[in-house]
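Below is one structure, written out as structure tokens; the observations come after it.
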Amino acid sequence: MAQVEATTERVVTADADTVFDALADYSGTRQKLLPEQFSEYEVREGGDGEGTLVHWKLQATSKRVRDCLLEVSEPTDGELVEKDRNSSMVTTWRVTPAGEGSSRVVVTTTWTGAGGIGGFFEKTFAPKGLGRIYDGILARLATEVGK
């Protein structure tokens, strides 16, 4: 079984603190950013960054739905890490300054993929599909913090 990784990034016209606060706001802003691939969103504990426990279902393909229960931590400034209790999936959001009034947001998701031919296809196609989903989230984030 191989490690699978998907990374997407975008420069957003807002300062790093504003962008990070929007991403960490699981009880408010975060749900607004999610595209149609996400359903059954529910904050179960916390709601603002570190210590949050959030649930959602992610329909990555027409046949593949992940039931995610994510523990949120903030290991360093400008970083949110979401670890799925139901799988090996870990998503890391990093927000850094990118010039005056702008921020760079990098989101990386890793997980242990399947073995064999299924694993080959997963490693080849899953990062592209997840990248499209994250592009949508980052576009919504840019709109939300740019208000």
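The values are calculated or read from the model by the stated rules, or taken from the named source; none is laboratory data. All of these numbers come straight from a predicted model, not from anything done at the bench. Because the Cβ atoms are built from the backbone with ideal geometry, glycine has one as well, and the counts that use them run over all protein chains shown. When the accessible area is computed, the model is the full protein with side chains, heavy atoms only, and any ligands, DNA or RNA have been set aside. Shrake-Rupley method; radii C 1.70, N 1.55, O 1.52, S 1.80 Å.
Going by the conditions given, is Thr7 touching a residue at least 40 places away in the same chain (Cβ under 8 Å) and in a loop (DSSP other than H, G, I, E, B)? Here the answer is no, as Thr7 does not meet what is asked. Which residue is modelled with the highest pLDDT, if the candidates are limited to region 40-64 and must be of a type in the set (Gly, Ala, Ser) and more than 17 Å from Tyr26 (Cβ to Cβ)? The extreme case among them is Ala60.
Within region 65-105, if we keep just the residues that are basic (Lys, Arg), under 25 Å from Glu42 (Cα atoms) and at pLDDT 95 or above, the residue that is surrounded by the most Cβ atoms within 10 Å (Cβ to Cβ) turns out to be Arg94.
Select, from Ser62, Ser27, the only residue that is part of a loop (DSSP other than H, G, I, E, B) and either aliphatic (A, V, I, L, M) or more than 18 Å from Leu130 (Cα to Cα) (or both).
Ser27 is the lone residue from the list that is part of a loop (DSSP other than H, G, I, E, B) and either aliphatic (A, V, I, L, M) or more than 18 Å from Leu130 (Cα to Cα) (or both).
Annotation: Thr124 fulfils all but one of (1) open to solvent by 70 Å² or more (accessible area, probe 1.4 Å); (2) at pLDDT below 95; (3) of a type in the set (S, T, N, Q); (4) over 23 Å from Thr52 (Cα atoms); the unmet one is (1).
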